[in-house]
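The values are calculated or read from the model by the stated rules, or taken from the named source; none is laboratory data. Keep in mind that this is a model prediction, so the values were computed, not measured. Glycine gets a Cβ as well: all are built from the backbone with ideal geometry, and neighbour counts include every protein chain shown. Each accessible area value is taken on the protein alone, full model and side chains, heavy atoms only, with ligands, DNA and RNA left out. Shrake-Rupley method; radii C 1.70, N 1.55, O 1.52, S 1.80 Å.
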Number of protein chains: 4
Amino acid sequence: MIVGIIGATGYAGAELVRLLAGHPGVSGFALASVSHEGDRIEHIYPNFLGKIEATLVKPEEAISRSQVVFAALPSGVGEPFAKACIEKSIPFIDLSADFRFDDDEETFAAWYGKSFVYNELRNYSVYGLPELNRSRIKELASAKKLIIGNPGCYPTGASLGAFPALAKGIAGPGTIIVDSASGITGGGRDPSRSFHYPECADSLAPYKVGAHRHTPEIARNFQAMAAMAARAVSVQQGPAVIFTPHLAPMNRGILSTIYIPLAEEWRPKERSGASRLSGAPRPPTKEIEEKAGEIRRVYEDFYKDEPFVRVLPAGVIAASGRVRQSNFCDISIHLDQAGTTLLAVSAIDNMVKGAAGQAVQNMNIIFGFDETDGLKTIPALF
Amino acid sequence: MIVGIIGATGYAGAELVRLLAGHPGVSGFALASVSHEGDRIEHIYPNFLGKIEATLVKPEEAISRSQVVFAALPSGVGEPFAKACIEKSIPFIDLSADFRFDDDEETFAAWYGKSFVYNELRNYSVYGLPELNRSRIKELASAKKLIIGNPGCYPTGASLGAFPALAKGIAGPGTIIVDSASGITGGGRDPSRSFHYPECADSLAPYKVGAHRHTPEIARNFQAMAAMAARAVSVQQGPAVIFTPHLAPMNRGILSTIYIPLAEEWRPKERSGASRLSGAPRPPTKEIEEKAGEIRRVYEDFYKDEPFVRVLPAGVIAASGRVRQSNFCDISIHLDQAGTTLLAVSAIDNMVKGAAGQAVQNMNIIFGFDETDGLKTIPALF
Amino acid sequence: MIVGIIGATGYAGAELVRLLAGHPGVSGFALASVSHEGDRIEHIYPNFLGKIEATLVKPEEAISRSQVVFAALPSGVGEPFAKACIEKSIPFIDLSADFRFDDDEETFAAWYGKSFVYNELRNYSVYGLPELNRSRIKELASAKKLIIGNPGCYPTGASLGAFPALAKGIAGPGTIIVDSASGITGGGRDPSRSFHYPECADSLAPYKVGAHRHTPEIARNFQAMAAMAARAVSVQQGPAVIFTPHLAPMNRGILSTIYIPLAEEWRPKERSGASRLSGAPRPPTKEIEEKAGEIRRVYEDFYKDEPFVRVLPAGVIAASGRVRQSNFCDISIHLDQAGTTLLAVSAIDNMVKGAAGQAVQNMNIIFGFDETDGLKTIPALF
Amino acid sequence: MIVGIIGATGYAGAELVRLLAGHPGVSGFALASVSHEGDRIEHIYPNFLGKIEATLVKPEEAISRSQVVFAALPSGVGEPFAKACIEKSIPFIDLSADFRFDDDEETFAAWYGKSFVYNELRNYSVYGLPELNRSRIKELASAKKLIIGNPGCYPTGASLGAFPALAKGIAGPGTIIVDSASGITGGGRDPSRSFHYPECADSLAPYKVGAHRHTPEIARNFQAMAAMAARAVSVQQGPAVIFTPHLAPMNRGILSTIYIPLAEEWRPKERSGASRLSGAPRPPTKEIEEKAGEIRRVYEDFYKDEPFVRVLPAGVIAASGRVRQSNFCDISIHLDQAGTTLLAVSAIDNMVKGAAGQAVQNMNIIFGFDETDGLKTIPALF
């Protein structure tokens, strides 16, 4: 199968190239770039020398030569390519935000400042988080015309970390706080002050506090899972969400610490949280550990058939470094010492499960490949 | 003035040596170490060569030669040295947790597994967070016998970030979440798997989730400030606190993102937080920014006489790298997009304001030095 | 094929596990550890969860169950296991230094402070640098009894960077200087002050200057290649070598900058190196570039059949980050501005081509697998 | 004294501001920037908030208001400002290369592609390496009109590491190789692909091999010291120099490993370097250590009055992290195992002794301040 990649010279595009070069179902590439047309990919990425060597073509040429097309472009420019693929009846897997809000143009417009270009494309599109929408992806794939709105990096980690709690009634009323930190590859390939080595290294800081575009995507996913769980039209709204992204001095990885208020029935009976005299918090009791164990088992059961979600055993805490270069999402389950809040910690590689790897996973589902093809890398610890 | 430092070879001890070597009121050192007695400090820290050269003596000798004694020891071993200093009527500044819970031995015992050794020492001790207890420190200093329980690193950043909101009624009912990340010097000088370079670098992870010893110290500080604000005995309990520490791949710094539920009267009137149709969150409105500005002015006013707290102007977000090697605590003020929660972000250098620098600040207060003596380093950006 | 790995819990052992888990010819493992016998590998390396799960057995059991055995042990303890494998007629691939000096026990003893335990094992052993000894490895493999002395990390990068210059008479008389820097995984898994994050990060320093054990291995390889080139018994000694290792604040990678005096016939005719008036050096001329190009072509030709050596085109300089997690050795070719010295720069991943990957490459040669099986990872740039 | 700084917003300029803000002889600043005129320095560097707050003015205004002027500008643009200062009889301290080659315009032109603009300025200028030219700087300072050509970062570390060997006849004939690595602040404040975090982190590579502009400056310094030592007009040329800069994944610091062929009389008598049988190198003998000790004592004596050069004791190897944020140059002395070559390792902070700190040191010499004023920072280990 020939794979087309539009935007092959950006970081997500290059990671797609790298992963797909090891895919048993891929026989060749048609790599396209608007800004580097005519250049060679191995001159831009000398790490590819001897393994991937190709001249960058126009997007139109990539589409005409391919059986599937990925687009790793900024939001707002890819719809014409999607349209061309639909007309040609080949799947289009879009890594931008353009097809992530297909039921809610109002929200897309509010956060991205853009409108849909071709409304009719939404008849063919699906939000490509396999753990949420695998069956819908397969349905559309059978009809040959299909657009994947590949999820954002932060929403992937946040959603997978919270889904079982939402689906199984573990989450009670109240706001869910998603506190995340990303490696600096998340900022892409273009140099800027924010990603200049001396200003990133040895420092940690949040950015776009209370204002990051991934907030509505996270909230929508939470709502979708809560609604699916309720199997009821009446559930209109999911929990309120506060999302804070940070930039951490590392290359790859997103670590999300997710604070989910526990439903009353999931709280330990005898609270250990506070001294009766002073009101000071107390260390966690054995009951806290047991309750965390119960919830962990719900998570394990929920994800038991998922090839890329690992619910970690008690005593192992999710760490971004342990999923590096893999498509895994690791999740560890904890309770606060007072037993009122579930702390789900999720870790992904932002370039793999958070972008290119998930796109390959979607391609595998569409074409009936083994879902792990091209994604078998075992993460190193170092 | 001769300064004694017990535990001079640990990271906090060495940082004390470094800072005090530049203090105009310090004429000499008596450096003590239990494990390295007889060695020379500049052999252990060759970065000191030519500037600080001294043989390490016994703690007793350091006490006998000094006008003030710092102890940078593990919790549970320093009380005999404190007793000796009180008997000699010289101030004892303790960087361990031994004197941080003097009103609540029950809580100290629950989290540290130890009891007080000399109860009577608590007649002379004070929790040394100057922004909370400066006047009490001065009071005790006048009586010549004084023990400082120097605050923990995380509690310093968390407390300073939340104090004005607690004192001025900006915080409403509900749990305050403190999500913090520390540089790896926080783990001290002893090598271990957790701080082994290949297992720390390029990775981010929480640790001791729901179970870190700094939780009760943070909660107690919040309660103390809330009570002080209320000026009423009736206020017995502060807000519930959830605290999650993370380890970040950097040397110095603690960045805390603090989620504080807003009191009803501090919430924007017209919420911008959600679409009426889909319930999806909306980007922050101008009113959100204005409300953040109001709160920022409360913070600025609260800290206007503090030499080491910088409330950052709108548009500048606190970053750990911008306070490196200084005694500053930077605080930036934000609201979530729905206007329900204050996000206060604080940044300190864990080795300075979070440990040795704050200890020097306490010494300055006790002896009537300028509070910034020895602490005038302007942080570099890089 | 079942693969035995003795010392599976060290970094080189774990990297072997990780690489071999993706090898098409490997059907199972027998993982052994002296210090962790009975533990599970995925508890020690949670990054393996769901992919590699096994109980660690005794070395003897691993040998009895396997068709090939790797040992990733300290020098001086593996000979009994080698003996057992020879008796069982299965290949033994040793990552320590024990079988790297089989013709020169005197040198081994001088640098490692140990003698050979079983001299007779040297009848079966070969130094496993495929680019030097591939045919000898194949010869021994056909006889079924075989020990590989897998090369050291620094000697691999240094040798590959200098071999063509030595073999083709580009190197003239004089000392060759190898100035190398390694990532910190090179120090292994045991925590120590030298590899403690706060003391490594943001710093660069040499270590064991003029005294590193890899010096005689590099010198011997240079001599072997020079002798092979000369095809003459008369060539007894190779060039003098100075080798300086540095520790760099990164996880993986070895970058070697190798200074090789040019033979007279390879020096540019019209030197551009110095001003006639002041003796000051001049910028490189076009002739310098051309001469570098000639030498580059010699290198390309020398390595044209090697699957893992990439001679980089003009304008691309070898960088350790561009071979990360791959078995590649990248080499770039330069001349100093005066045209007297060849600067060959080589980059490898110290854990892959410098250790585990090269061991897998040797296994592939022995068993007739494709030499790249299990080693197809394309390096990412980030 | 009012200090003018032209180019205050670049990294070297900002470091000047930071160091001079703590200088006891500095009462105020006139900060100038061409590109940011009218902006405020604390908006560009929020780390300065509360400590250094100033509006950026035109260069002309800075000159008119100041008693000394620093210029931290690209090479080739600062001569008009130097001229204005000479006319006003105030010292001008230039951090660019414009005044580093005042005796050899030919070499400056060859490497920088520019000619001198005002030749007459060279009557007032001196190359500002205090360890080489302190007396000449003082001479010119007495005449009130003075231009300092502040040394380049690499030449500072390389020169100090080699000077005693050149001055005392320890260096024999042959090429000196300077192999250096710099932290990424050396690339300045402007974002670019080379200094983009994801492409720098966890990687090490040389750049401008055989072609870096600091090569002639290093060679000229070596020649100057050799000539000074010989006190003879006949010595026209210094040793040939090969200089290779690398970029290391760290913020600050330059580590130089300098290979200096030993003069015959400085070589150990009984060489330990090679086995008589195999020619393999031997570990260093005691005599090697003793000879290194002799040379170390020569270095110690040479630098005994220098406030910023530390010759490290046996057993301590220079490391860039141990001079961070200080004006120190640390030097350690080693011999290769064969006793033919001196390995001098020098470490500086590229932003301090390599740029802004050395400029302050020059100001101190000119104005008769204590040479360490503003430069008393004791480096931290972490």
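Largest to smallest in accessible area, the residues A:Asp370, D:Asp305 fall in the order D:Asp305, A:Asp370 (1.4 Å probe, all protein chains included).
In plain terms, the bigger the Kirkwood radius, the slower the diffusion; for segment C:63-125, with that radius from Cα pairs, at 4 °C and 1.567 mPa s, Stokes-Einstein puts D at 109 µm²/s. Rounded to the nearest 20 debye, the dipole size of the protein assembly as shown about its Cα centre is 0 debye, using +1 on the Cβ of Lys and Arg and -1 on the Cβ of Asp and Glu. Counting Cβ atoms of other protein chains within 10 Å of each residue's Cβ and taking the mean over peptide D:292-303 gives 0. Given a 1.4 Å probe and the protein chains as shown, A:Tyr207 ends up with an accessible area of around 60 Å².
Accessible area per residue (1.4 Å probe, heavy atoms of protein chains only) ranks D:Ser326, A:Ser27 as A:Ser27, D:Ser326, with the largest value leading.
Equivalent ellipsoid of the protein assembly as shown: semi-axes from √(5λ) of the C-alpha gyration tensor, largest first, are 48, 44, 34 Å.
Based on the Cβ-Cβ distance of C:Ser27 and A:Arg297, what FRET efficiency does E = 1/(1 + (r/R0)^6) give at R0 = 22 Å, to the nearest 0.05? My answer for the efficiency is 0.10.
Return, ordered by residue number, the residues of segment B:117-151 whose backbone nitrogen is under 11 Å from a label point located 7 Å along Cα→Cβ of B:Met228. The answer is B:127-137, whose backbone nitrogens lie closer than 11 Å to the label point.
For the pairs A:Lys353/D:Lys208; A:Lys353/C:Lys376; D:Lys269/D:Lys304; C:Lys208/C:Lys353, flag any whose C-alpha to C-alpha distance is greater than 26 Å. Flagged as over cut-off: A:Lys353/D:Lys208; D:Lys269/D:Lys304. Out of every Cα-Cα pair that chain A contains, those further apart than 40 angstrom amount to 15 percent.
Across chain A, the relative contact order, built from alpha-carbon pairs under 8 Å that are at least six residues apart, equals 17 percent. Its Cα gyration tensor gives segment A:159-233 an equivalent ellipsoid; the semi-axes, largest first and in whole Å, are 34, 12, 10. In the full protein context, chain C carries 32 Å² of accessible surface per residue, based on a 1.4 Å probe and ignoring ligands, DNA and RNA. Only protein heavy atoms count here, probed at 1.4 Å, and on that basis chains B and C bury about 1700 Å² of accessible area in total. Using a probe of 1.4 Å, the accessible surface attributed to B:Met1 totals some 40 Å² when neighbouring protein chains are kept in position.
Got a number for carbon plus sulfur as a percent of segment B:192-317's accessible area, 1.4 Å probe? Numbers along the way, then the final one.
Working: 2710 of 5270 Å².
Heavy-atom surface of segment B:192-317 belonging to carbon and sulfur, 1.4 Å probe: 51 percent.
Among residues of chain D, the one whose beta-carbon sits closest to the D-to-C rotation axis is listed with its distance in Å as D:Asp179, 2. Gain on full extension, evaluated as 0.36 nm per residue between C:Ser192 and C:Lys286 minus their Cα-Cα distance, stands at 28.9 nm. Hull volume per residue, based on the alpha-carbon atoms of segment D:1-108 and their convex hull, is 98 Å³. C:Arg220 contributes about 60 Å² of solvent-accessible surface, heavy atoms of the protein only, 1.4 Å probe. Pairs of alpha carbons in segment D:310-382 separated by more than 18 Å make up 47% of all such pairs. Summary value for segment D:154-349: 28 percent relative contact order, contacts being C-alpha pairs under 8 angstrom separated by 6+ residues.
Helical runs assigned H by DSSP (4 residues or longer) give chain A a calculated mean residue ellipticity at 222 nm of -9000 deg cm²/dmol, each run adding -39500 (n - 2.57) before division by the residue total.
Cross-link partners of D:Lys83 among lysines, defined as those whose alpha carbon lies under 21 angstrom from its own and excluding same-chain residues fewer than eight positions apart: D:Lys58, D:Lys114, D:Lys138, D:Lys144, D:Lys145. With the label put 7 angstrom out from Cα along the Cα-to-Cβ vector, B:Glu60 ends up 5.5, 7.5, 9.2 nm from the copy partners, going from closest to farthest.
Counting only other chains, and only Cβ atoms inside 10 Å, what mean value do you get across the residues of B:330-341? Per residue, the number of nearby Cβ atoms from other chains is 5 on average. Screening chain A for whole DSSP H helices of 20 Å or more along their axis (Cα) with average Kyte-Doolittle hydropathy at least -1.0 returns A:153-167, A:214-230.
Each other copy holds its own label point for A:Ile2; taking that point as 7 Å from Cα along Cα to Cβ, the gaps run 4.8, 7.1, 8.6 nm, nearest first. If the elastic network links every pair of Cα atoms under 10 Å, which of D:Asp330, D:Asp94, D:Asp202 fluctuates the most in the Gaussian network model of chain D? Sorting by GNM fluctuation, first place goes to D:Asp202.
Between the alpha-carbon centres of segment D:307-356 and segment A:315-330 there is a gap of 40 Å.
Using only the heavy atoms of the protein chains and a 1.4 Å probe, how would C:Trp266, A:Trp111 rank by accessible area, largest first? Present the calculation step by step, with values, prior to reporting the outcome.
On the way: C:Trp266 45, A:Trp111 20 Å².
My answer, sorted largest first, is C:Trp266, A:Trp111.
Taking every DSSP bridge with both residues inside chain B, close to 45 percent are antiparallel.
Note on A:Lys269 and D:Arg122: the model spin-label points, each 7 Å out from Cα along the C-beta direction, lie 9.4 nm apart. Here is how far apart the D:Ala143 label points are across copies: 7.0, 8.1, 8.8 nm, shortest first, using a point 7 Å from Cα toward Cβ. Its residue count N sets the reference 2.2 N^0.38 Å, and the alpha-carbon radius of gyration of segment A:154-349 equals 1.08 times that reference. Straight-line cross-link partners of C:Lys286 among the aspartates and glutamates, defined as a Cα under 16 Å from its Cα and at least 8 positions apart when in the same chain: C:Glu270, C:Glu294, C:Asp336.
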